Amino acid sequence: MKEIIEFFPTTFYYKENILSNLDKSKIVKYCLDTKQETKKGGSEWLVNTFNSLGTLDIIKDKNFNKLNKEILKHVNIYNQTLGSDYKYKKLSNGWFNIYNKNDYQEFHNHAGYTFSVIYYAQVEKNIEDRSATIFKHPYEDMRPLKGSVKLNHLSYQTVKMKPENNSLLIFRSYLQHYVEKNNKNTRVTLAYNID
């Protein structure tokens, strides 16, 4: 028997190169162009980062059909990997986010859903310049380890992820997360929920 047995892991699904470069570029251009004629959404959020939450649902816009099908495919792969034979037929909702210099997103979760997705359409090429998406451990550690000198995947309380352009991150919707301040060029991400 192993000395350490893992039972309650927090898992993430990550996949790169979701679309062709041409299709990815079309998504970025469409989001940037559509921003000009779309009212800013996400009225409950404290920050001023542009998003289309509640003003333009990207699962209902045909310009996102190819991406939406790809995301649904990967949600079902992840769901099956977690031990479920349920096959999702549709995404619940989706929106796009445009981060200009100094924009960020405060801690939040996607209450009421099973899975949430972030598609990283346009991020910095250099990983050191890229804003991280930071996730909190799903429960507060009331008694952190005394004398910790080196944390690992069994003891992290937060994790920073800096996905590549054209990549996909799927996670359970209860996970608290935020996006660091954008330091350089315009960043474009798309977010989805599945119930």
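Restricting the first member to segment 76-103 and to residues that are free of Cβ contacts under 8 Å to residues at least 60 places away in the same chain, and the second to residues that are of a type in the set (Ser, Thr, Tyr) and part of a loop (DSSP other than H, G, I, E, B), the beta-carbon pairs closer than 8 Å and six or more apart or on different chains are ASN76/TYR88; ASN79/TYR86; ASN79/TYR88. Beta carbons closer than 7 Å, at least 6 apart along the sequence or on distinct chains, pair a first residue in segment 138-161 that is among the acidic types (Asp, Glu) with a second that is modelled with pLDDT of 80 or more and surrounded by 10 or more Cβ atoms within 10 Å (Cβ to Cβ) for ASP141/GLN157.
The listed residues are LYS24, LYS69, LYS62, and the only one of them that is buried (at least 16 other Cβ atoms within 10 Å of the Cβ), among the charged types (D, E, K, R) and either under 22 Å from LYS90 (Cα atoms) or modelled with pLDDT under 95 (or both) turns out to be LYS24. Does any residue of segment 74-87 turn out to be closer than 18 Å to ASN185 by Cβ, under 16 Å from the mean Cα position of the chain (by Cα) and not aromatic (Phe, Trp, Tyr)? No, because not a single residue in segment 74-87 is closer than 18 Å to ASN185 by Cβ, under 16 Å from the mean Cα position of the chain (by Cα) and not aromatic (Phe, Trp, Tyr). The set of residues in segment 176-195 being outside any loop (DSSP other than H, G, I, E, B) and either buried (at least 19 other Cβ atoms within 10 Å of the Cβ) or not aromatic (Phe, Trp, Tyr) (or both) consists of HIS177, VAL179, ARG187, VAL188, THR189, LEU190, ALA191, TYR192, ASN193, ILE194. Scanning segment 167-186 turns up no residue that is farther than 29 Å from GLY54 by Cβ and at pLDDT below 95.
The values are calculated or read from the model by the stated rules, or taken from the named source; none is laboratory data. Keep in mind that this is a model prediction, so the values were computed, not measured. Cβ coordinates were reconstructed from backbone atoms using ideal geometry, including for glycine residues, and neighbour counts include every protein chain displayed.
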